[in-house]
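Inspection log for the structure reproduced underneath, given as structure tokens.
The values are calculated or read from the model by the stated rules, or taken from the named source; none is laboratory data. As the structure is a prediction and not an experimental result, all values here were calculated from the model. When we count neighbours, we look across all protein chains shown, and the Cβ atoms used for this are built from the backbone with ideal geometry, even at glycine.
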Amino acid sequence: MDNKDKFFTAKNDNVFKAIFCNENNTFLLKTLIERCLKIKIEIIEIHAPEKIKENIYAKGQILDVLVKVDNRLINIEVNSGFYDGVHRRNFGYAGSKYSEEVKIGENYLDMNEVIQINFTWGLPRKYLILGEYLLVDKKTEIKFVDNFSIFEYNMDKIRELWYSGDKEYEFLAILDFNKEELKKIGKGDEYMSEFKKKIESLNDNREYKEFLTAEEDMKKTNNTFKEIGRREGFEDGKVLEKIEIAKKLFKENIDEQIISKVTGLSMEKIRDLK
């Protein structure tokens, strides 16, 4: 598909952040969180482990959305695909936020509540539309702590629900709507209308689409190298490290055979890197 015809949705984490992480207009983010958690909130600040840059074109930035809301710290994760380690990664991040909160304040009772919201595509069928994960004893249902929780939305099932005519989660299904699907949303919902306007504006921005296309190409390249490593029995990290070494040696005009000996990569793969 030609770049000009491709339509990027908020399933892409950079598109999600460009739409929702506007410190000057928090309406969309506020409404999204309120509908997900079924509570009324006031956003105090939007921040992240790395400061969200105003320049959305900064390549290589992968930032988690972190929102300070009343006495809550809310982390939003956009998982465009599922793999065995994604829950461990996300739990590790939420856990690190909780650990930081433990160190703040005069006593433990004044800690902020830590909530993580996951929008995940590609979940196995056994997962519900909404998974609510708490640290609870399975016999007594007593909570170990009362200020830590994880919510995960099964975005594929939400899409199926929308196609069946159930609009309960339309506010989430819209995150991955294409041009034709966007035309089908009803009028009268300010959140839906504002989101539609934002996503269409981003896709009309040629420079932004070029950035997203380049980023996707980079991810595909990295995934290809990882797959090469998996098939050859190497650990992903070691393969990527060898490839980076090979690239640097190429820049120094080192002979291909020497690069192959140094890195352990085959001549065929060395030539593919050129």
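Can you name every residue in the stretch 201-238 that is at pLDDT 70 or above, more than 20 Å from the chain's Cα centre (by Cα) and surrounded by 12 or more Cβ atoms within 10 Å (Cβ to Cβ)?
Once the filter is applied, which keeps residues that are at pLDDT 70 or above, more than 20 Å from the chain's Cα centre (by Cα) and surrounded by 12 or more Cβ atoms within 10 Å (Cβ to Cβ), the stretch 201-238 yields 201, 205.
Give the residues of the stretch 154-200 that are of a type in the set (Gly, Ala, Ser) and surrounded by fewer than 18 Cβ atoms within 10 Å (Cβ to Cβ), sorted by residue number.
Matches in the stretch 154-200: 164, 165, 186, 188, 193.
Kindly check whether there is at least one residue in the stretch 110-131 that is within 25 Å of residue 19 (Cβ to Cβ), aromatic (Phe, Trp, Tyr) and out of contact with any strand residue (DSSP E or B) (no Cβ under 8 Å at 6 or more places or on another chain).
The answer is no; no qualifying residue exists.
Residue by residue, here is whether (1) under 20 Å from residue 12 (Cβ atoms); (2) modelled with pLDDT of 95 or more holds:
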residue: 114; (1), (2): no, yes
residue: 117; (1), (2): yes, yes
residue: 126; (1), (2): no, yes
residue: 130; (1), (2): no, yes
residue: 138; (1), (2): no, no
residue: 144; (1), (2): no, yes
residue: 155; (1), (2): yes, yes
residue: 158; (1), (2): yes, yes
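Which ones in the stretch 146-173 are of a type in the set (A, V, I, L, M, F, W, C) and closer than 17 Å to residue 78 by Cα?
150, 151, 155, 158, 171, 172, 173, listed by residue number.
Hand me the list of strands (runs of 3 or more DSSP E) wholly inside the stretch 89-187 holding 1 or more residues that are touching a residue at least 24 places away in the same chain (Cβ under 8 Å) and among the small types (Gly, Ala, Ser).
148-154
Within the stretch 3-18, can you find the residues that are under 18 Å from the mean Cα position of the chain (by Cα), of a type in the set (D, E, K, R) and at pLDDT below 90?
Selection gives 13 alone.
Of everything in the stretch 137-153, what is of a type in the set (A, V, I, L, M) and surrounded by 13 or more Cβ atoms within 10 Å (Cβ to Cβ)? Give them in sequence order.
145, 150
Go through 119, 91 for me and flag whichever is out of contact with any Asp or Glu (no Cβ under 8 Å at 6 or more places or on another chain) and aromatic (Phe, Trp, Tyr).
Just a single option satisfies the conditions, and that option is 91.
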